[in-house]
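Take a look at the structure set out below.
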Amino acid sequence: MSRFFPALVIAIVSLAALSPLASSAPGAVRCGQLLDVRTGHLLKDQVIVYDADGTITAVGPTGSPLAPGGVTILDLSSATCLPGLIDVHTHLTGDPSSSGYEGLGVSVPREAITGAKNARITVHAGFTTVRNVGAGNYTDVALRDGINAGDVEGPRMFVSGPPLGITGGHCDNNLLPFEFHFKESGVADGPWAARAKVRETIKYGADLIKVCASGGVLSKGDQPGAPQYTLEELTAIAEEAHKLGRKVAAHAHGTQSIKDAIRAGIDSIEHSSLIDDEGIALAKEHGTYLVFDIYNDDFILQEGAKVGMLPESIEKEKKIGRLQRENFRHAWQSGITKMAFGTDAGVYPHGDNARQFAKMVEWGMKPIDAIQAATIKAADLIGQPDKIGAIESGHYADIIAVAGDPTSDVRILESVKFVMKGGVVVRNDFSK
Ligand SMILES: [Zn+2]
């Protein structure tokens, strides 16, 4: 087969060359205000300069000799700029309408096409990076690669591939009876089978590992509070992933599974719904990130039944949704600082990600805390603190702009008017 390899390389290269999407040129953006997300300060009249690779080379006051002669300066002098937002918990290749039995009729290629639609919606909403934690059959790997090649418009993606889970657990599919002999591709039971699954998932392109430690809401026949993987299995998964240079995100609603996942050395707890004081203390001790998806409760309770979510899922959400919000507030007030912005987009319609900011403020954060969770802290969790989440030299020119001050009204982030990713303008409503 190796003699076909050069032809394949040529095909890929020429595809990239034919890409319909714009590529970057050196340039600069002038911002009326620039939010320094590290300090929360709004800096007046700033210029951001970037090179042909779409990397920021200088940031400073307008009028300082930063921009090399001849570069085009984009005028956003009526706007407030901030770094492109990051959502660390998305499912771009899924839609709410593929919940429950409806989802059984969605093919793998169709899922990938759904992903292309949602990638575009997400980046246009101001989210220039996502961590996609769970997609069947590596549709997320294909989407990431399509975006990176310039074939599809979308955010930078860090993807997990199929999530690991126990037989019959939240990350298996329990809708069909025995005679169909169906199980999800990430199912693995026992420490060694789980290690093998980590290796397989990385082999096929995962940037990180997602594991379902406890039961969940949108799955059939399990309970969010009940443990699924054992501490022994979670420890094996974390060790194997870390050995291979990948971080691990654990879906964990239940009190015991949250603690098991933290003790296993897992990097982030997703949902975190029933965390107790011991879990909060453990997260601080281990430096584990907590991700609370506290917007989607509203969608599940109001729209879930209409889009085909199972009646048992709605019942589970009724029991857990409010507790999750209360525990978010309690964890934050208990001094947890490592909290990243993750929404479970796909459970609710993509593009509404920023609606979670207002929930985070309603439940105890200041607007700048919520913005930091979606910028510098998300970048740290993803392992890209020098590339994304801030407008600084050496970072990608991932810039968004809004009309107004998001540190006084965080809902302004629900209507992002300008998006640039890597020096390429994705949308500019200010020029209209
Ligand atoms: Zn999820």
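The values are calculated or read from the model by the stated rules, or taken from the named source; none is laboratory data. All values derive from a computational prediction rather than experimental measurement. Cβ atoms come from the backbone with ideal geometry, glycine included; neighbour counts cover every protein chain shown.
Structure values in brief
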quantity	calculated
Any hit, segment 322-340, residues being of a type outside the set (Asp, Glu), within 15 Å of the chain's Cα centre (by Cα) and not in a helix (DSSP H, G or I)	yes
Within segment 240-253, considering residues that are buried (at least 24 other Cβ atoms within 10 Å of the Cβ) and not in a helix (DSSP H, G or I), the one nearest to the ligand (Cβ to nearest atom)	His251
Unique residue being away from the ligand (no atom under 15 Å from the Cβ), at pLDDT 95 or above, buried (at least 18 other Cβ atoms within 10 Å of the Cβ) and over 25 Å from Gly279 (Cα atoms) when the list is Ala331, Ala358, Ala354, Ala345	Ala354
Residue under evaluation Ile237, criteria (1) closer than 27 Å to Gln372 by Cβ; (2) buried (at least 24 other Cβ atoms within 10 Å of the Cβ); (3) out of contact with any Cys (no Cβ under 6 Å at 6 or more places or on another chain), criterion not met	(1)
Residue in segment 96-113 that is at pLDDT 95 or above, closer than 29 Å to Arg411 by Cβ and either within 16 Å of the ligand (Cβ to nearest atom) or in a loop (DSSP other than H, G, I, E, B) (or both) present	no
Verdict on Lys259 being in a helix (DSSP H, G or I) and either within 16 Å of the ligand (Cβ to nearest atom) or not aliphatic (A, V, I, L, M) (or both)	yes
So Ser78, is it within 16 Å of the ligand (Cβ to nearest atom) and either of a type in the set (Ser, Thr, Tyr) or over 19 Å from the mean Cα position of the chain (by Cα) (or both)	no
Every residue from segment 262-275 that is over 16 Å from Asp293 (Cβ atoms) and within 16 Å of the ligand (Cβ to nearest atom)	Ile266, Asp267
